[in-house]
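Here's the structure we're looking at; comments come further down.
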Amino acid sequence: MSEKAFTDVADTSHNEKAAPAPEPELVDAPARRQSVALNIVENPLKRSSKEQAVVDAQAFAESNGMSEHANLFGRAALVARDPARFEMVTELDEAERAALIYERDHKWHGPFMLWYSISLCAVGAATQGWDQTGSNGANLSFPEEFGLTGQGRDEWVVGVINAIIFLTAGLIGAFIVDPLNHYFGRRGEIFITACCLTATPIGSAFAKSWEGLFAARFVMGIGIGAKNATVPIYSAEMAPARIRGALVMFWQLWVVAGIFLGFCANVIVKDTGDISWRLQLGSAFIPSLILGIGIFFCPESPRWLMKHGRLAQGFHSMSRLRAHPIIAARDYYYSYVIYQEEIKVAGGVGYFARLWDCFSVPRIRRANYGASTVMLAQQMCGINIISFYSSTIFRRAGYTETEALYASLGYGAIQVVFTIPTVFLIDTKGRRTLCLITFPLMCIFLLAAGLSLLKHTGSRGEQIGPVALFIYLFTICYSLGEGPVAFQYSAEVFPTIQREQGMAWAVCINNTFAGILSLTFPRMQTVMTPTGAFGFYAGLNLIAWFMIFCFVRETKQLTLEELDQVFSVPTKNFLNYEMTVWLPYFIKRHIFRKRIVKPPPIIEKADSREDITAP
């Protein structure tokens, strides 16, 4: 499908009429912008009159087994048609108007089931973090158990045992997501993977050889990949747009919580002798067990039910996730309207056809650029060399084995503490902005940590203290930027029709490169020295920053459906705006401290534009 064909459907005539805004030069100019955004995010419901919108919404309800809600959907259509001015909709009753006002004025308002479902998914994320840190601590002792203490081959064996869960997650687990979701739904798929991730850590703990440990972790990786591709989608499809970033970001918060809890478990069992590594690996079954039991009480994803033609069930599910029927009807009907727009531009309907759409359809390809970039950047930044091997790194820096475990515990605690502020920043500052700010700092601190390993003079504290300090500073920057963004961004940018395939590809990128990193780092430390390895990843941080600048577009506070139009802007136009409008403004305003007019965004909601231009 051509780019023009897609734009004609998804973006109407706004793109053709809008002209690139001139670079602002005025000092002390009024804050109100007089130029237009390069692209306007249009609400499809405004293409018809109010009367027709009501008729269409009532017909939707009556034809899909929801005739008792026909009038509710008619009113909801009017609200969805002009959400910023819902108080002017005279058809609403007082309870409905009060519910919408309360929702507007209380950002974090939501029913118990919304918070329960999001929180449960977040607990599932702890499985991945706990698995990482279990092997982190076990690396200090299981190589001795299986006679893998030499260089060369033994280093590669240790690396592949650590890496296999990520390789199978990326190359197998991520790509069985679509059939599992198709036949079992989001909830069923999560339950199946929870069972897998409950059994395999226990199997790892009872391994009698490195081959047996490898086999258990091989299967574990398949479960991790399938879970990683579904849980963020499930969360994103349930969360309201205004706080979707914060709610879905619970995924990352609980990944790092799992890392911290895994380090706690490592410390707790460190004195159990020869079985300590078995307990460290086996303890990772705990969050998966909680996930498997708790998922039975969650509703199915409303958008998954919609996609499979079960529209009445989808509305029932949405009603459990919203505080009032008018809010549920507004969100559900608007999702349905945009879903119909997606169908018009959808490519094939089969699995591989939809996967190919992620590379061939311009709008989806651009989303794929962004998702692949943030997923790859998460591995390029080097955080996982700390997550996988921090105990080994601290041990080589001069810490005792016990000190290395406690230093790793501190690393895990810092990730938890500094991920929390991002819950409030991700939907205000935005995903792209947080990454662009933190990546240069991560480069500096990781390089400093590597150089600190070269110090062999002075007191013991002077030698080993700076290593932990700079690793901790690096971790703080990661927790405020790339860490929370990667899975959040990837889960939201793809259209409903291709969401499983797009997320599968993103998870494949993330986990495969995590596996490569885990596989190569033990040998890299020997060949390049730890300082050289740290310097290598410090350089990759700068490359990742440039990739984010080029390919990652801002998605904050837009519905999943409105993101279609964000990615309707051709990459050439996007890069031209970034290089000729945004970057000059940023340099003049934030480096030279000039008070200049902020340029119009490349994407702006039609409602916002009307507010700006209204007399």
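Exactly one residue out of Arg396, Arg365 is basic (Lys, Arg), in the same structural domain as Ala468 (by the TED database) and under 27 Å from Cys550 (Cβ atoms), and it is Arg365. The residues in segment 123-144 that are of a type in the set (Asp, Glu) and touching a helix residue (DSSP H, G or I) at 6+ places or on another chain (Cβ under 7 Å) can be counted, and the count is 1. Where helices (runs of 4 or more DSSP H) fall entirely within segment 422-498, those with at least 3 residues that are open to solvent by 20 Å² or more (accessible area, probe 1.4 Å) are at 431-452, 460-480. Thr90 meets the conditions (1) of a type in the set (Ser, Thr, Tyr); (2) part of a helix (DSSP H, G or I); (3) surrounded by fewer than 18 Cβ atoms within 10 Å (Cβ to Cβ) in every case but one. The failed one is (2). Scan segment 134-147 and tell me whether some residue there is more than 25 Å from Asn510 (Cα to Cα) and of a type in the set (Ser, Thr, Tyr). Scanning segment 134-147 turns up at least one residue that is more than 25 Å from Asn510 (Cα to Cα) and of a type in the set (Ser, Thr, Tyr).
Residue by residue, here is whether (1) buried (at least 20 other Cβ atoms within 10 Å of the Cβ); (2) over 22 Å from Met524 (Cα atoms); (3) without any contact (Cβ under 8 Å) to a residue 24 or more places away in the chain holds:
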{"position": "Phe142", "(1), (2), (3)": "yes, no, no"}
{"position": "Leu171", "(1), (2), (3)": "no, yes, no"}
{"position": "Pro179", "(1), (2), (3)": "no, yes, no"}
{"position": "Gly203", "(1), (2), (3)": "no, yes, yes"}
{"position": "Ala216", "(1), (2), (3)": "yes, yes, yes"}
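Scanning segment 244-292 for residues that are over 18 Å from Thr422 (Cα atoms), basic (Lys, Arg) and modelled with pLDDT under 85 returns a single hit, Lys270.
Scanning segment 287-310 for residues that are closer than 12 Å to Ile202 by Cα and surrounded by 19 or more Cβ atoms within 10 Å (Cβ to Cβ) yields a single hit, Ser288.
For segment 269-284, the set of residues classified as in a helix (DSSP H, G or I) and crowded, with 24+ Cβ neighbours inside 10 Å consists of Trp277, Gln280, Leu281, listed by residue number.
Just to verify a result, which residue in segment 541-559, among those that are in a helix (DSSP H, G or I) and surrounded by fewer than 18 Cβ atoms within 10 Å (Cβ to Cβ), is modelled with the lowest pLDDT?
The qualifying residue modelled with the lowest pLDDT is Cys550.
Scanning segment 371-396 for residues that are touching a Leu at 6+ places or on another chain (Cβ under 6 Å) and either hydrophobic (A, V, I, L, M, F, W, C) or surrounded by fewer than 24 Cβ atoms within 10 Å (Cβ to Cβ) (or both) returns Met380, Asn384. Taking the condition in contact with a Phe, Trp or Tyr (Cβ under 9 Å, 6 or more places away or on another chain) and modelled with pLDDT of 55 or more, does Ala53 pass? Against the criterion (in contact with a Phe, Trp or Tyr (Cβ under 9 Å, 6 or more places away or on another chain) and modelled with pLDDT of 55 or more), Ala53 does not qualify. Only one of the numbered conditions (1) surrounded by fewer than 22 Cβ atoms within 10 Å (Cβ to Cβ); (2) out of contact with any Leu (no Cβ under 6 Å at 6 or more places or on another chain); (3) at pLDDT 80 or above; (4) on the phi < 0 side of the Ramachandran plot is violated by Gly185, and that is (4).
Of all residues in segment 68-82, those that are closer than 13 Å to Ile327 by Cβ and in the same structural domain as Tyr333 (by the TED database) have Cβ atoms under 6 Å from Cβ atoms of residues that are part of a helix (DSSP H, G or I) and of a type in the set (D, E, K, R), 6 or more apart or on another chain, in Ala76/Arg330; Val79/Arg330; Ala80/Arg330. Quickly run through segment 297-307 and pick out the residues that are modelled with pLDDT of 90 or more and not small (Gly, Ala, Ser). Across segment 297-307, the qualifying residues are Phe297, Cys298, Pro299, Glu300, Pro302, Trp304, Leu305, Met306. It is to be established whether one or more residues within segment 95-104 are in contact with a Lys or Arg (Cβ under 6 Å, 6 or more places away or on another chain), in contact (Cβ under 8 Å) with a residue 12 or more places away in the chain, outside the structural domain of Met238 (by the TED database) and more than 30 Å from Pro287 (Cβ to Cβ). No.
One residue stands out among those in segment 333-354 that are at pLDDT 80 or above and buried (at least 19 other Cβ atoms within 10 Å of the Cβ): the one that is nearest to the chain's Cα centre (by Cα), which is Ser335. Taking segment 153-167 as the search range and keeping residues that are of a type outside the set (A, V, I, L, M) and free of Cβ contacts under 8 Å to residues at least 60 places away in the same chain, which one is surrounded by the most Cβ atoms within 10 Å (Cβ to Cβ)? It comes out as Asp154. Close Cβ contacts (under 9 Å, 6 or more residues apart or on different chains) running from residues in segment 309-325 that are more than 21 Å from Ile497 (Cβ to Cβ) and in contact (Cβ under 8 Å) with a residue 40 or more places away in the chain to residues that are basic (Lys, Arg) and buried (at least 24 other Cβ atoms within 10 Å of the Cβ) comprise Arg322/Arg330.
On the given criteria, is Gly110 open to solvent by less than 60 Å² (accessible area, probe 1.4 Å), in contact (Cβ under 8 Å) with a residue 24 or more places away in the chain and in contact with a Gly (Cβ under 9 Å, 6 or more places away or on another chain)? So Gly110 does not fit the description; no.
The values are calculated or read from the model by the stated rules, or taken from the named source; none is laboratory data. Quick caveat, the model's predicted, so the values are computed rather than measured. When we count neighbours, we look across all protein chains shown, and the Cβ atoms used for this are built from the backbone with ideal geometry, even at glycine. These accessible areas exclude ligands, DNA and RNA; they are computed on the full protein's heavy atoms, side chains included. Shrake-Rupley method; radii C 1.70, N 1.55, O 1.52, S 1.80 Å.
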